1. Which far-off residues, 5 or more places away or on another chain, put their amide H under 5 Å from the one on LYS244, with H placed in the peptide plane?
2. Step through the residues of the stretch 274-283 one at a time and calculate ³J(HN,Hα) from phi using the Karplus curve (6.51 cos²θ - 1.76 cosθ + 1.60, θ = phi - 60°), rounding each to whole Hz and writing x for Gly and Pro.
3. Please give the charge dipole size of the chain, origin at the Cα centre, charges +1 on K and R Cβ atoms and -1 on D and E Cβ atoms. Round to the nearest 20 debye.
4. Packing-wise, with mean Cβ within 10 Å as the measure, how do 146-156, 74-84, 297-307, 49-59 rank, highest first?
5. Which cross-chain or sequence-distant (5 or more) residues have an amide H under 5 Å from the amide H of ALA401, H modelled 1.01 Å from N in plane?
6. First select every other residue whose beta carbon is under 15 angstrom from the beta carbon of ALA156; then total the charges, Lys and Arg +1, Asp and Glu -1.
7. Using 10 Å bins from zero, what percent of all Cα-Cα pairs in the stretch 1-106 falls into each bin?
8. Any idea how far the Cα center of the stretch 1-72 sits from the one of the stretch 220-271, in Å?
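Each value in this text was obtained by applying a stated rule to the coordinates, not by laboratory testing. Please read these numbers as outputs of a predicted model, since none were measured by experiment. When we count neighbours, we look across all protein chains shown, and the Cβ atoms used for this are built from the backbone with ideal geometry, even at glycine.
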Amino acid sequence: MNLAIVNIGELVTLRGPNRPRSGRDMSELQIILDATVQITNDRISYAGPSSRAPATADTADEFDAGGRVVLPGFVDAHTHLVWAGSRVDEFERRIRGETYEQIAASGGGIRSTMRATREASDMELLTFAHRRLDLAIRNGTTALEIKSGYGLSERAERKMLRVIGWLRDAGKVKIATTFLGAHAIPPEFDDNPDGYVDLLCNEMLPQIATEKLADFVDIFIERGAFTPIQATKYLMAAQKLGLKMRAHVDQLGRNHGAELAAGLGCTVLDHLEHTDAAGIKSIATKGVQPVLLPGSVYALGRTKYADGRAMIDAGLAVVLATDFNPGSSPTLAMPMVLSLACTHMRMSPAEAITAATFNAACCLGWNDEIGSIEEGKRADLVVHDCADHRELGYYFGQETARVVVAGGKVLYHRQ
Ligand code: NIG
Ligand code: FE
């Protein structure tokens, strides 16, 4: 044994069936009061009542949690962590009244980040990303999905995937890679958007599949991005290649992207702000997992949040993530996302915790290894500065993580 965390007030284990939790199961946190966790190498060797814990080895470090709450590390299943440049001017433009779509149409938005990202060197991108990763860790995140999508050319997309691969290989936290070459039409194809879709389908997707460059492929189905017809072509090509698929759907308007993407085999659907009752009913029959991103609604000053409550009630195994990106969601703070989910999507604190940990691990195919605190699982857990797990959604905009452990190593410790 290398590390023992003792005197835990609430150990939120999320033990239970090893499949995406839906409906009432999302409220079952399986909390153990007055608990101890022991860690041997990178694994949890004991997680249970302190009264039954084996004696702590003399050689082990012991941390007294002081009656605080311990949770599995957050799994942030949707981020755009790698990019260069700044979009803070767009923040001011929105305050003055321009919309996100107007800014994008005038050459800003994703294209602005694309230009800066294309110009940046591998090392610059890696340095920025490392700093952001540390910020995510300080907020209690111990596993992330990271997308490409600011390159939008074969070369620049490869550069982004390379940088994500280095972050993953550094081994600090678990990282999943998603190819988002279909994030926007690049300027070179302004006169021929379908030509870019052909490039994606005929060149880029096959390279992703044969060289195993990403765990998932993604597409932004929206007015101003990819049309339902283009998305159909792209997702059919990806499916033929046996790639795992997800999609950004119904974010800014309702275009039935959710039903389309679910019908074409996407297992994960992201955003869904404008998906209505009929859409929710339809995707609930497909066994997909919705990834809800309330940070992007908040940061764009919008009011239409995804209907998380209706999705849970319809039996969907909801996930929460930051959508960290320089345009619509500049935050890596999962606790803030929990607060938004509780306040604006009427998810209970317990449901929000399940969505940000176990269900998030499921949507990345990682539930055998992370997402809950159980013996044999990877030791990814966080001591939060609260005495009751419900405080995580109640307080907002303040630091909560005090000790962050990933793979058995203490990555962050706030005194
Ligand atoms: O998830 N929806 C598309 N992509 C991002 C925004 C990207 C950007 O503005 O840079 C999102 O919200
Ligand atoms: Fe996104």
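1. VAL217
2. 9, 6, 8, 4, 5, x, 5, 4, 5, 6
3. Numbers: 44 positive and 51 negative charges, 37 e Å.
My answer is approximately 180 debye.
4. Values: 146-156: 22.9, 74-84: 27.4, 297-307: 17.6, 49-59: 11.4.
Ranked from most to least packed, the peptides come out as 74-84, 146-156, 297-307, 49-59.
5. When sequence neighbours closer than 5 places are left aside, the close amide H contacts are ASP385.
6. Working: positive: ARG111, ARG115, ARG118, LYS147, ARG155, ARG158, LYS159, ARG162; negative: GLU119, ASP122, GLU124, GLU154, GLU157, GLU188, GLU203.
So the environment of ALA156 carries a net charge of +1.
7. 12, 28, 20, 14, 17, 8, 1
8. The distance from the Cα centre of the stretch 1-72 to that of the stretch 220-271 comes to 39 Å.
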